[in-house]
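What follows is calculated from the coordinates using simple rules that are stated; it is not laboratory data. In this text, all values refer to a predicted model and were calculated from it rather than measured experimentally. Please note: Cβ atoms are built from the backbone with ideal geometry, for glycine as well, and neighbour counts cover all protein chains shown.
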Amino acid sequence: MTNTPRISGISGPTITAELMRGCFMHEVVRVGWEKLLGEIIRIDGDLAVIQVYEETLGLKIGDPVERTGELLSVELGPGLLGGIFDGIQRPLPSLYERWGDYISKGAIVPRLDKIRKWRFTPVAKAGDRVEGGTVLGTVEETPAITHRIMVPPCVSGTIAAINSGEFTIAEPVAELDDGTRITMRQRWNIREPRPTAERLGFNVPMLTGQRILDTLFPVAEGGSAIIPGGFGTGKTVLEQTIAKFAAASVIIYIGCGERGNEMSDVLHQFPLLSDPYTGRPLMERTILIANTSNMPVAAREASIYTGMAMAEYYRDMGLRVALMADSTSRWAEALREISSRLEEMPGEEGYPTYLASRLAAFYERAGRFRCLGRKEEVGAITVIGAISPPGGDFSEPVTQASMRTASTFWALDYDLAYQRHFPAINWRTSYSLVAPNLSRWFAENAATDWGAMVEEANAILQREEELADIAKVVGIDAMGEKERVEMELARLIREGYLRQSSTHPTDAFCSQVRQTKLLAMFLDYARTVSSAVHKGCPLETVLRAPMVEALLRAREMPEDGLDAELQSLREEVRAYFGKGWA
Amino acid sequence: MKDLLVRAYRTIESVRGPLVLVRGIREASLGEMVTLELENGQKRAGQVIELHGTYATIQVFGSTEKISPASTVVHFREEEASINLSPLILGRAFSGGGEPMDGGGPIAPVVKRGISGAAINPIRRDVPRDFIQTGISSIDGMNTLVRGQKLPIFSGAGLPANEIASHIISHAKVLREDDAFAIVFAGMGITSVEAEFFNKTFEMSGAIGHSVVFMNLADDPVVERLLTPRFALTVAEYLAFDLGMHVLAVLSDMTHYCNALREVSSSREEIPGRRGYPGYMYTDFASLYERAGRIKGLKGSVTQMPILTMPDDDITHPIADLTGYITEGQIVLDRALHRKGIFPPINVLPSLSRLMGLGIGEGKTREDHRQWSDQLYMCYARGMEQRRVAAIIGEESLGDTERSYLRFSDEFEKTFINQRNETRPMEETLRAGWELLSSMPEQELIRISREMISKYLPRGKEGK
């Protein structure tokens, strides 16, 4: 008793343990009689500082600490999809079965179902030479996703035997000639990126079905985007909308330190949603990680890595994964809280000095890669991170550090949100650094002159900004007719194209084809009007144009008959402005 | 063996601010309650907040006056902070430290619960969806409150947040009237005048029989404020999830709570975050605010309405900011409206109810509610913009459309937001909004579908 490791200090979520000689950094330990999960984050002689992933109230000096000799890892294998986990991969339904409505302490539950049998269909055969990443066989994990059972990284050899049939994740499906048994389950340290063969550049967008994003600020497949916004500007709704509609095979949604009621709305809604691409239930290709703000701080810190390790695993199968983290600020705050308990010297605003490097390392795990062991295949992880800057002030450290690594920046704006203009993305301050890399894709898949169309729309919006400043000084009535027409055209693009309802049945998701049609319509209208005005068409005629309302409602028109509607609208426009000014 | 352990110590090493450091501790747990016994027999309560080797740091609820290393004895009570609960708790009043204050004697417990609370498993939360009618148009119409929501009031010094809370306590209604309803009130650092005001509200509205009150007054021990909301929320959860009642918990004033948090933090020599508040304030808030909601399969609900005073009316102040990031929206009071004599002076633009969408629409309020409120928002925001422009260039220089927006926003404040002490049923609120919208040129009403316009827009004047 006297020589076993035990607690010697307790301060909030961090504890100190003595007699820990032989332990190593990031080793997982079990703390106290209730065996709370903890991880060693500092070693000092035979003292170890441990961050505890569960509530520490009630712990006592002298309570035992048990070493496990393992790193904090996730369990990867069939059964992840459709799952709902906490920040350290405990399935929330199992926690409920075990402990009831509230999250209790020290709940050790299996992370993946150990009893369920999966039908394993081998694709490799005995005698095959295999290495990390080689596909041994497949499992129909859900009707939407075929799960590929791969040789774990760092394992190689020749297959001695391979089985076919129904297995649990713990039973071996293959054996190598050196005796290594391979199961359908892999363990992976959450803080270490899984290896790949090669990083690739960006040349394909990850479409989101949101017009302002796909048209003006596209995010690349394998890229990263950040959504900073003060509270109430619609971060969470936007994250959820993207999760529903993103063109990705697997969606991983991390609710990191967010609201319980909103998380329950996600948990309630997602199982009811159908995939906009296949019509199948969205949950068949979704993993939810829910670590709400009142769940332990350390588990919040771990949650984004847990999600990332899962994302990398599906990426290794050659799938396109979209990972949503809402919100990375809560993660950073967890980091700050733990750092301050360690009495580390704080950097900017109390955040630890390694905040920027940790954030960068996280975003760098996004990317398009050639798969390990299968160079002909490509997998990708696109990361969308929400940021909650205090007071909506983007100069704070988390936003600034994220901006340095993320290639796409979607800035949410209070003024737009107050006007209920959603998504409240400010088109003046947002940017996409990868847009040039994607121009070829858009030219081939959207419209040959897509780049020119976007520029034209941008020019109209830009012009409005200049004019709005003048209008504020001299008054709108004192503006020239031409300028007022320009402002009207910009208004149409803002209201009719950039705005998008996340709840409207047709408007919520806008395919690339539909975006092209709508944008072309607005630009067509702008050109017709400009040339009419050039030829002397008075301002009143433009402002009173009866088809404006139809233009603004075009985004809500059902897909069936859209072409015909747009065509007749176009003719109406021509007829109206044709009277002497065409 | 355990009984033989020494559980009382006369080994205070240091006293600093509200903190006492005791040495030679052999067995103590984090969060354990202690009693400090002074030489003259007086007792003070305290709680273990940090343990290191044989040292325990204790935060004292109450003054540390006369605490002396030489004579004060610290008793470790082997229990966390907890409260006795029974259905008879309804109608009772307690101090901020959980002591009965109404002369009614202690509560005979049916259950005794720790007050720190546990996180509800997110999959067990039920989605809030029942509309609560407060009778205030700017809340019901524009920022609808639903059962299980946490919706704070962001106030400023001298603004009538308490009056609004009182109005809601007196008039809040849900569609199904047969459900049992209760109010739990936690007063933190409020003045005796404010306390009196709330007591009157409970009496006048007849709420007193189904309310539970915890009062930590401005001159009560500061650190005790850290316990007050936890006592109140533990009672709220008991009433809601054990007894199936629908509970409205009013917490006033969170700003005083935060100052107590800051005081303890600085005594612990912690590295301060923004404006001296501790870095863990977000997590601390979450441990309070997240104790609202509904649980699947259980009948009751906890709806929270925290009130906070924004220092210098600054919505980016850490207290307001961190609150806004956890609560499901906020009701923001506005000094300019208050000066114009508008009651309630709610500025709807920065106000928000995130759960509004779940509580409105057909079968709940009315089918046109969402579009109607979006349109009102747009018109008011545009009108406010024109007000700024008009201040520079003069109203005459505005275009016709711009002027109609300006007039709209004036009328909106005067007739829609302003309602004095009148209580407006939902239909009345909707009617008032449509009335205002009818003054706008119809082609400007782009947030409402044509169908809804033809169904609900009053056509008093000539149509288009």
Open item on the list: Given contacts defined as C-alpha pairs under 8 Å and at least six residues apart, what's the relative contact order of segment A:432-525, whole-number percent?
Closed with: 30 percent
TODO: First check a/c for segment A:467-582, with a ≥ b ≥ c the square roots of the eigenvalues of its C-alpha gyration tensor; if it is under 1.5, answer rounded, and if not, answer prolate when a/b is larger than b/c or oblate otherwise.
DONE: oblate
Open item on the list: Counting other beta carbons within 10 Å of each residue's own, what order do B:CYS258, A:CYS154 fall into, fewest first?
Closed with: A:CYS154, B:CYS258
Task: Fraction of antiparallel bridges per DSSP, chain B only, in percent to nearest 5 - done: 60 percent
- [ ] Could you name the lysines whose alpha carbon sits less than 17 Å from that of B:LYS66, not counting residues in the same chain fewer than 8 places away?
- [x] B:LYS43
- [ ] Please work out the C-alpha center-to-center distance from segment B:6-21 to segment A:367-393 and express it in whole Å.
- [x] 52 Å
Task: Surface/4 of the Cα convex hull for segment B:2-80, nm² - done: 4.7 nm²
Task: Most positive-pole-ward Cα, A:SER568, A:PRO143, A:GLY480, against dipole of chain A from beta carbon charges - done: A:PRO143
Open item on the list: Please compute the volume of the convex hull spanned by the alpha-carbon atoms of segment B:66-114 and report it per residue in Å³.
Closed with: 119 Å³
Task: Relative contact order, percent, segment B:2-80 [alpha-carbon distance under 8 Å, six or more residues apart] - done: 39 percent
TODO: Using only the alpha-carbon atoms of segment B:130-239, report the extent along each of the three principal axes, biggest first, to the nearest angstrom.
DONE: 41, 33, 25
- [ ] Return A:VAL49, A:VAL155 ranked ascending by Cβ neighbour count within 10 Å, so the fewest neighbours appear first.
- [x] A:VAL155, A:VAL49
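Calculate how many DSSP beta bridges within chain A are antiparallel, expressed in % of all such bridges and rounded to the nearest 5.
Given both bridge residues lie in chain A, the antiparallel proportion sits at roughly 70 percent.
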Task: Furthest towards positive pole of dipole, B:VAL48, B:VAL73, B:LEU30, structure part segment B:2-80, Cβ charges - done: B:VAL73
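Could you grab the relative contact order for chain A? Cα pairs under 8 Å, six or more apart, rounded to a whole percent.
Reported relative contact order: 13 percent.
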- [ ] Would you work out which of A:ALA322, B:GLY363, A:VAL173 lies farthest towards the positive end of the dipole of the protein assembly as shown? Charges go on Cβ: Lys and Arg +1, Asp and Glu -1.
- [x] A:VAL173
Task: Charged-residue dipole, Cβ positions (Lys, Arg, Asp, Glu), segment A:118-184 about Cα centre, Debye nearest 20 - done: 100 debye
- [ ] Would you mind checking the tilt of helix A:562-581 against the longest principal axis of the Cα atoms of chain A, expressed as 0 to 90 degrees and rounded to 10?
- [x] 30 degrees
TODO: Calculate for chain A the 222 nm mean residue ellipticity that helices alone would give, adding -39,500 (n - 2.57) per DSSP H run of length 4 or more and normalising by residue count, nearest 500 deg cm²/dmol.
DONE: -10000 deg cm²/dmol
Open item on the list: Restricting to bridges with both residues inside the protein assembly as shown, how much of the DSSP beta-bridge set is antiparallel, in percent to the nearest 5?
Closed with: 65 percent
Task: Phi-based couplings in Hz for segment B:74-89 (Karplus 6.51, -1.76, 1.60; Gly and Pro marked x) - done: 9, 9, 8, 9, 6, 8, 7, 4, 8, 9, 7, 10, 7, x, 6, 6
- [ ] Report ³J(HN,Hα) in whole Hz for each residue of segment B:33-42, in order, from the Karplus equation J = 6.51 cos²θ - 1.76 cosθ + 1.60 where θ = phi - 60°; Gly and Pro get x.
- [x] 8, 10, 10, 9, 9, 7, 4, 7, x, 5
TODO: Would you mind checking A:LYS235/B:LYS455; B:LYS112/B:LYS200; A:LYS105/B:LYS150; A:LYS60/A:LYS114; A:LYS35/B:LYS296; B:LYS296/B:LYS364 for any pair whose Cα atoms are more than 23 angstrom apart?
DONE: A:LYS235/B:LYS455; B:LYS112/B:LYS200; A:LYS105/B:LYS150; A:LYS60/A:LYS114; A:LYS35/B:LYS296
- [ ] State the Cα centre-to-centre distance between segment A:426-444 and segment B:203-222 in whole Å.
- [x] 58 Å
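Got a sec? How would B:VAL174, A:VAL321, A:VAL130 order by Cβ neighbour count within 10 Å, fewest to most?
Result, fewest neighbours first: B:VAL174, A:VAL130, A:VAL321.
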- [ ] Run the dipole for segment B:83-359 about the Cα centre, Lys and Arg Cβ at +1, Asp and Glu Cβ at -1, nothing else charged, and hand back the magnitude in debye, nearest 20.
- [x] 780 debye
Open item on the list: Restricting things to Cα coordinates, could you compute the convex hull volume per residue of segment B:172-300 in Å³?
Closed with: 120 Å³
TODO: Find the eigenvalues of the gyration tensor of the Cα atoms of the protein assembly as shown, then list the square roots of 5 times those eigenvalues as equivalent ellipsoid semi-axes, largest first, in whole angstrom.
DONE: 49, 42, 24
Task: Residues with amide H under 5 Å from that of A:ALA220, placed H, sequence gap 5 or more - done: A:MET206
Task: Solvent-free Debye scattering, log10 I(q)/I(0), computed from the Cα coordinates of chain A at q = 0.08, 0.09, 0.11 Å⁻¹ - done: -0.62, -0.76, -1.05
Task: Proximal lysines to A:LYS125, defined as alpha-carbon separation beneath 23 angstrom and excluding residues fewer than eight positions away on the same chain - done: A:LYS117, A:LYS375
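For segment B:369-456, what does the alpha-carbon gyration tensor say about shape, rounded, prolate or oblate, given a ≥ b ≥ c as the root eigenvalues, a/c under 1.5 as rounded, and a/b over b/c as prolate?
oblate
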TODO: Evaluate the charge dipole of segment B:369-456 about its Cα centre and quote only its size in Debye, nearest 20, assuming +1 on the Cβ of each Lys and Arg and -1 on the Cβ of each Asp and Glu.
DONE: 240 debye
TODO: Would you please classify the overall shape of segment A:200-433 from the alpha carbon gyration tensor, given that a ≥ b ≥ c denote the square roots of the eigenvalues, rounded means a/c under 1.5, and beyond that prolate means a/b larger than b/c while oblate covers the rest?
DONE: rounded
Open item on the list: Two decimals, Cα atoms only, Kirkwood Rh: what is Rg/Rh over segment A:118-184?
Closed with: 0.95
